[in-house]
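Below is one structure, written out as structure tokens; the observations come after it.
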Amino acid sequence: MAECGRVDSSSSSHTMDKSITLPPDEIFRNLENAKRFAIDIGGSLTKLAYYSTVQHKVAKVRSFDHSAKEAASDKLYEISVQEEVTARLHFIKFENAYIETCLDFIKDHLVNTDTKVIKATGGGAHKFKELIERKLGLKVDKEDEMTCLIKGCNFVLRNIPHEAFVYAKHADSEFRFQTTNPDIFPYLLVNIGSGVSIVKVESEDKFERIGGSSIGGGTFWGLGALLTKTKRFDELLQLASKGQHTSVDMLVKDIYGGSYGSLGLTGDLIASSFGKSATANKEFSKEDMAKSLLHMISNDIGQLACLYAKLHNLSRVYFGGFFIRGHPVTMHTITYSINFFTKGEVQALFLRHEGYLGTIGAFLKGAEEDNPNQYSWGENYAGSSGLMSVSPDMNPMQRARSGTFDMLEMDRLERKLVNLPLLQDPSSYIPDTVDLTEDALAREYWLYCFEEALDGVVKRAVASQPDMPEAAERAEKFRQKYRHKLQTLRQQPFAYGSLTVRSLLDTREHCLNEFNFPDPYSKIKQRENDAALKYYLKAVKSLEALSWEERQFALVRGVLAGNVFDWGAKAVSDVLESDPEFGFEQAKRQLEERPWLIDSFDQWLERQRGPPHKCALFFVDNSGVDIILGVMPFVRELLSRGTEVVLASNSGPALNDVTNGELQILTEKIAAMDSVIQAGLREDRLTLIQSGSSSPCLDLSRLDKELAMVVRERQTDLVIIEGMGRAIHTNYYAMLSCESLKMAVIKNSWLADRLGGKLFSVVFKYEVPPGKPSEDCAALTP
């Protein structure tokens, strides 16, 4: 991180500090391609935003033309690494003391930009207007502060799944992240700056300030300074965090000797803020007075927010502004107040990136011609700092970091992402099975697991680019970056929202992409796809020789055996590396015998005796044996029954998962051998589509818009989810409005033990939604 000279606490917050070094690969990245700047300058912090284009490598596959010169090749397709340009939004937060140095740095590194204007918001924008225009040569264009706040809030709620959280001070996990409702409106935004503004937000462009108060953050700061002689806001909060308000406040029990039962008032309730100071003949400590003041103002704001929420029938209330700024002591007092006045009916919600709302909104105002809201955006974990605690007992490394620079990066995604239309209740859907933020034992295990796997990932990354001599150096940088992320998450598990196996995997993929390793498993996938294709016809013929009932079991067993071939599981990768001849039949023998750990096969078999499904959506997993010898024969059976099939595969690479580009080539090759698959493609009964994901896991609330449209058009009535990442780590508890089938092999001993099974235990979970008419599954003889 940036090295930073310490700012003397006695100096003015606007004194320029130039003793800072800014490494361009960490702070203000991709400035050479930057355009469209925005800035939000508050009383002590500056937030800068800019848009840049990022050039990075992507892995592409192309089918060989076997009728021409390339006929001599025994490979099915070739792999090439190409350059691609994508859009990225950068947001940087730093203390106002560093603003001149930062502007100089931007000016020195800004190479090509057509930008003539910088959008500005915040109370301090006018103060630094001349400095910004002189340093950057850009005209400062002021935007309305409240409009920017609302635009920024809408943007983060729509694009960052774990943006909002409830703060629970004494719980195992302080931060409880909320699932964002697909419809984010309406909500109440309580912005606590110098005063308080309460804004009702009804749509993207419709909002109204419905109330407010002059008693806000400025009141706490001003009265606090008078009472304690402490001039710095953060120091005042530090004092409050150590104080005991009961020394200063008069409680109900101080008046009545206990609780006031008939009015429902407990003895510990504050009856009068600062009530004891009028009668007690003693000096009060700065800490106690600061704590009493904080409670007084927080309770006042909390009650005001509750009254407006009830008046306008709003259940979602978000708090932001410099008074909050991620401080545990302020979040706790606001939370307590809201819980008390609403009797738990309304939760106080805070935002992981609330400090960026103004600058995000200002940026969006300046970029309206590009219509950023028509795209979906995703947080780039490799370039984002994450939520950092500012509690007084955090370790020195974290405290130094939180005092210098904080970064957020958002990448524009190729596809617009929406909910799967078949989710039973999108507002309550939680993709992840285990929240590692709350489960300390699981968290420690998985962090250790990912750290142990680092050497293998680095080795495969280098091996995937044998013609690039600098690959080893880049791989080492990846190792350092990802290890640092793991260390951060060990200290601050809430940094990127709920910590899950999915987020650990996604962070690793982001870091690999950051150092231009778009597909470390590309060669392995190519080799395994080529090998598996040679056995496809043999596998199909052996299935056709079985009776109907035997074939149904063999098809399921084939999918499960294919799913064993997962390079993301150490137990499997160790076997595959030590025994290259390990194959489909050996994998079948590894599976546990029935009854399986989770075993709904009998119910599935009975359903198969009934009428065919209209359309099955199948989320596939691995390349090679899995997709070719496991999934494709299962798909073939569905097609033969008269069921349409939609195969959804990853848009981009992750581990050895098959991508949509690879699946298109594989299916074309299989169709040339198999008339059933060929007819399915020709008659448009077999559709291949990308999921919109580049993860080994699956979030059904962020899927390709085109996929959602196909699901509706085909009247999909069966969803099949395969693999440990998609059906165990995620979606194990997902409730769908149609029938679903979740199939996976547990390839991790620790997880198997936790689920009450053993290595290679089987999960076969067939679910019918509540209320589905039983006649839909009426038995028919095939």
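For the range 603-746, the square roots a ≥ b ≥ c of the C-alpha gyration tensor eigenvalues yield an a/c under 1.5, which makes the shape rounded. Extension gain, K614-R158: 0.36 nm per intervening residue step, less the Cα-Cα distance, totals 160.9 nm. Take the Cα radius of gyration of the range 707-762 and divide it by 2.2 N^0.38 Å, N being the number of residues; the result is 1.37.
In Å, the Kirkwood hydrodynamic radius of the range 68-202 over pairs of distinct alpha carbons? Kirkwood radius, the range 68-202: 20.0 Å. Magnitude of the charge dipole for the range 594-662, about its Cα centre and with charges confined to Cβ atoms of Lys, Arg (+1) and Asp, Glu (-1), is about 300 debye. With a threshold of 20 Å on the Cα-Cα distance, the over-threshold entries among K57/K119; K119/K151; K525/K758 are K57/K119; K525/K758. Helix 145-159 and the long axis of the chain differ in direction by around 30°, with both axes built from C-alpha atoms.
With both labels modelled 7 Å from their Cα along Cα-to-Cβ, the D753 to R594 distance reads 3.0 nm. Note on the range 171-230: the alpha carbon radius of gyration divided by the globular reference 2.2 N^0.38 Å gives 1.58. Neighbours of L698 by Cβ distance under 13 Å: Lys/Arg scored +1, Asp/Glu scored -1, total -3. For the chain, the longest principal axis of the Cα atoms and the long axis of helix 660-673 meet at an angle of about 10 degrees. For the range 500-579, trypsin sites (Lys or Arg not before Pro) meeting the loop criterion (DSSP other than H, G, I, E, B) and having at most 15 other Cβ atoms within 10 Å: K534. Take every Cα pair under 8 Å whose residues are at least 6 apart in sequence, average their separation, divide by the length of the chain, and the relative contact order is 12 percent.
Can you tell me the FRET efficiency between K282 and E345 if r is taken as the Cβ-Cβ distance and R0 is 51 Å, rounded to the nearest 0.05? With R0 = 51 Å, the Cβ-Cβ based efficiency is 0.80. Among the lysines, select those whose C-alpha is under 19 Å from the C-alpha of K286, and discard any that sit fewer than 8 residues away in the same chain. Straight-line reach from K286, under 19 Å: K229, K231, K242, K276. Annotation: the antiparallel percentage among DSSP beta bridges lying fully within the chain is about 65.
Among the trypsin sites (Lys or Arg not before Pro) in the range 222-285, those located in a DSSP loop and surrounded by at most 11 other Cβ atoms within 10 Å of their own Cβ are K229, K282. Note on the range 92-167: the alpha carbon radius of gyration divided by the globular reference 2.2 N^0.38 Å gives 1.33. Between 0 and 90 degrees, the angle of helix 454-463 with respect to the longest Cα principal axis of the chain falls at about 60 degrees. The charge dipole of the chain, taken about its Cα centre with unit charges on the Cβ atoms of Lys, Arg (+1), Asp and Glu (-1) only, comes to about 1280 debye. Computed across the chain, the Kirkwood hydrodynamic radius from all distinct Cα-Cα pairs reaches 28.8 Å. Neighbours of S649, meaning other residues whose beta-carbon lies under 10 angstrom from its beta-carbon, give a summed charge of -3 when Lys and Arg score +1 and Asp and Glu score -1.
Throughout, read-outs are computed from the coordinates displayed, never taken from laboratory work. Values in this document were obtained by computation on a predicted structure and should not be read as measured data. Note: ideal-geometry Cβ built from the backbone for every residue, glycine included; neighbour counts use all protein chains shown.
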